[in-house]
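The values are calculated or read from the model by the stated rules, or taken from the named source; none is laboratory data. This is a predicted model, so every value here is computed, not measured. Every residue, glycine among them, receives a Cβ derived from its backbone with ideal geometry; neighbour counts consider all protein chains shown. Accessible surface areas use protein heavy atoms only, side chains included; no ligands, DNA or RNA. Shrake-Rupley method; radii C 1.70, N 1.55, O 1.52, S 1.80 Å.
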Amino acid sequence: MAIERTLSIIKPNAVAKDAIGAILGRFEAAGLKIVAARMLHMSREQASAFYAIHQGKPFFDELVDFMISGPVMVQVLEGEDAVAKNREIMGATNPAQAAPGTIRADFADSFTENAAHGSDSPENAAVEIAFFFPEGVCPRTR
Ligand code: IDP
């Protein structure tokens with residue numbers, strides 16, 4: 001299995017309920033290393049650009065309004081099969097369908113306010129990591 005990196009966001013509703021530590025702990029417990037992290041409050045322009053692929057969809061405006069409603073915690077996770085593993089830990093996009101024990105099952109408030117983002121492919125992960133960490137990410141050696 002390949003060592004991959006993936007981009008993870010703890011969304012504003014999960015930050016607001018003080019779940020940052022609990023969520024980061026789940027990644028580490030699953031063997032994913034945190035190799036970069038930053039907290040920021042996105043501008044409308046940033047959030048719209050990040051979710052540009054969804055522009056024009058019925059949920060787009062609500063999604064952008066939500067993503068700029070408060071600070072987010074953004075991190076790069078590294079490990080074996082990191083993209084798929086992170087999405088497994090997060091659970092289904094619609095929290096009503098998220099498996100018990102997943103981040104979305106435990107911390108989502110609605111379909112839009114679903115607590116976490118994770119890249120859906122290694123290719124998109126590279127683009128999303130460069131979006132938030134244009135200066136690059138240091139390799140973890142231990
Ligand atoms: P993902 O976050 O699981 O990759 P995407 O389809 O890329 O799912 O959607 C991006 C985000 O947009 C979701 O995480 C969720 O917050 C929101 N979203 C997606 N589909 C819907 C919907 O049908 N209703 C409300 N919000 C949605």
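D by Stokes-Einstein for the range 3-132, Kirkwood Rh over Cα pairs, 37 °C, 0.692 mPa s: 226 µm²/s. For the chain, what % of the accessible area comes from carbon and sulfur atoms, probe 1.4 Å? Using a 1.4 Å probe with all protein chains present, the chain comes out at 54 percent carbon and sulfur.
The relative contact order of the range 1-69, computed from alpha carbon pairs under 8 Å that lie at least 6 residues apart in sequence, is 35 percent.
If you build the convex hull over the alpha carbons only and average its shadow over all orientations, what do you get for the range 1-57? Give it in nm² to one decimal.
Over all viewing directions, the range 1-57 projects a mean Cα-hull area of 5.6 nm².
Per residue, the accessible area of the range 42-142 comes to 52 Å² when a 1.4 Å probe rolls over the protein heavy atoms. Shown is the FRET efficiency for GLN46 and ALA130, computed with R0 = 22 Å from the Cβ-Cβ distance and rounded to the nearest 0.05: 0.95. Do any trypsin sites (Lys or Arg not before Pro) in the range 1-46 lie in a loop, going by DSSP, with at most 14 other beta-carbon atoms within 10 Å of their beta carbon, and if so which? Passing both the DSSP loop test and the Cβ count: LYS17. Given +1 at the Cβ of Lys and Arg, -1 at the Cβ of Asp and Glu and no other charges, the dipole of the chain around its Cα centre is 300 debye to the nearest 20.
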